[in-house]
Amino acid sequence: MIRRLEEIGGLSALKGPVNLAIGMFDGVHRGHAALISAVTNRAGTPVVLTFEPHPAEVLGAGTAPRQISSREHKQAILGRLGIECLLSVEFNHQRAAQKAADFVREIAGSCPLGCVAVGMGFRFGQGREGDVDLLAGLGDDLGFEVCGIAPVCDDQGEVISSTRIRSALKVGDVGLAGELLGRPYSLVGEVTEGKRIGQSIGFPTANIPLRGDELLPFGVYAVCVDLNGEHVNGVANLGTRPTITSGNEAPLLEVHLFDFNRDIYGREIEVSFKARIRDERTFEGVESLRAQIGNDVQLARELLARPAGDGVA
């Protein structure tokens, strides 16, 4: 399991050399994967260093972007890619005022540093004075290698970025988001017991309360659920269930799993979004809702049966 550190001094406990990838890693997309590969394909301990909270929250440079993945989910994804340790450095005004060279020396003084990997556009330190060239000079002095990673582009030649992924998710384009991420966009949560309304109309659901800051618009999606390594297809409604509630309840992710009848209350599951089917809407009554869910199930089955790349991420 990936280890988590909150202080740079904690790097001293890791087996050297420490190979460090630095960045925000919001969403852990294909561009981030190139950074990660630079530190996982070496002898030593691969580590990601990121900052919390987002620097924009501290520096007042506008509103900080909504995060694609929660902190815990990001950590899990990094672990799947071979990162052994996540170092989350507190970003505050004191850290923002630290000279770039002093920041690097603080890291190098805490561990045997083998490699530092950053994007070519990465800037850090007081006044954003630190860049790849400054890192390379310090690497020569302090004995570590620097890997400047060029931007990664999609098949159309556009740079892959967290901003593009957020924009795709905002309009429900889970296909494009999955292409840029290198995997389907997903949410993780614990299944809670609901009012069993879905079961009463023939479509039992696994219910996952949401934090309320998810990026996807409300609606119905074809999904695949990871149950600790077991993958089950389904259809999910993300929203407030206006037909059967007042519409003012907290957002809920309801997942109807195909051909599945086991009790999974209390289990944490990962729901991957494969295709958007329709908007959430209010129906005249339960019978109309039941008929529409039946249509949604049929369409989701058809979409999920298609080969990868044929309309489904």
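Return the FRET efficiency for the residue pair GLU90, GLU193: r is the Cβ-Cβ distance, R0 is 35 Å, and the value is rounded to the nearest 0.05.
After rounding, the FRET efficiency stands at 0.40.
Averaged across orientations, what area in nm² does the convex hull of the alpha carbons in the chain project?
If you wrap the Cα atoms of the chain in a convex hull and average its projections, you get 17.5 nm².
If we sort 267-275, 17-25 on the protection proxy, mean other Cβ atoms within 10 Å, highest first, what's the order?
Top of the packing list down: 17-25, 267-275.
At 7 Å along the Cα-to-beta-carbon direction for both ASP154 and ASP140, put a label point, then send me their distance in nm to one decimal.
The answer from the label model is 4.0 nm.
Give me the orientation-averaged projected area of the Cα convex hull of the stretch 51-92, in nm², one decimal.
Result: 3.2 nm².
Tally the DSSP beta bridges in the chain and give the antiparallel ones as a percent, rounded to 5.
In the chain, approximately 60 percent of DSSP beta bridges are antiparallel ones.
State to the nearest 20 debye the size of the charge dipole of the stretch 103-179 about its Cα centre, where the only charges are +1 on K and R beta carbons and -1 on D and E beta carbons.
With Lys and Arg at +1 and Asp and Glu at -1, about 360 debye.
So for TYR265, TYR185, what's the accessible-area order with a 1.4 Å probe, most first?
The most accessible residue leads, giving TYR265, TYR185.
Out of ALA34, SER110, SER88, whose Cα points farthest toward the positive end of the dipole of the stretch 15-123 (charges: +1 Lys, Arg; -1 Asp, Glu; placed on Cβ)?
ALA34
Please give me the summed charge of the neighbours of PRO151: other residues whose Cβ is under 14 Å from its Cβ, Lys and Arg +1, Asp and Glu -1.
0
Would you mind computing the Rg to Rh ratio of the stretch 94-172 from its alpha-carbon coordinates, Kirkwood style for Rh?
1.10
Can you compute the charge dipole magnitude of the chain about its Cα centre, using +1 on each Lys and Arg Cβ and -1 on each Asp and Glu Cβ, nothing else charged? Give it in debye, rounded to the nearest 20.
Using only the charged Cβ atoms, the result is roughly 240 debye.
Return the distance in nm (one decimal) between the two label points of a simple spin-label model at LYS99 and THR282, each offset 7 Å from Cα along Cα→Cβ.
Result for the modelled spin labels: 6.3 nm.
For the full complex of protein chains and a 1.4 angstrom probe, list CYS224, CYS115, CYS153 by accessible area with the highest value first.
Descending order: CYS153, CYS224, CYS115.
Using a cut-off of 14 Å between beta-carbons, work out the net charge of the residues near ASP140 (Lys and Arg +1, Asp and Glu -1, ASP140 not included).
Local net charge: -2.
Under 11 Å from the Cβ of HIS54, count the other residues' Cβ atoms, weight Lys and Arg +1, Asp and Glu -1, and hand me the total.
Here the charged neighbours net out to -2.
The values are calculated or read from the model by the stated rules, or taken from the named source; none is laboratory data. Source: prediction; values computed, not measured. Note: ideal-geometry Cβ built from the backbone for every residue, glycine included; neighbour counts use all protein chains shown. Heavy atoms of the whole protein, side chains included, go into the accessibility calculation; ligands, DNA and RNA do not. Shrake-Rupley method; radii C 1.70, N 1.55, O 1.52, S 1.80 Å.
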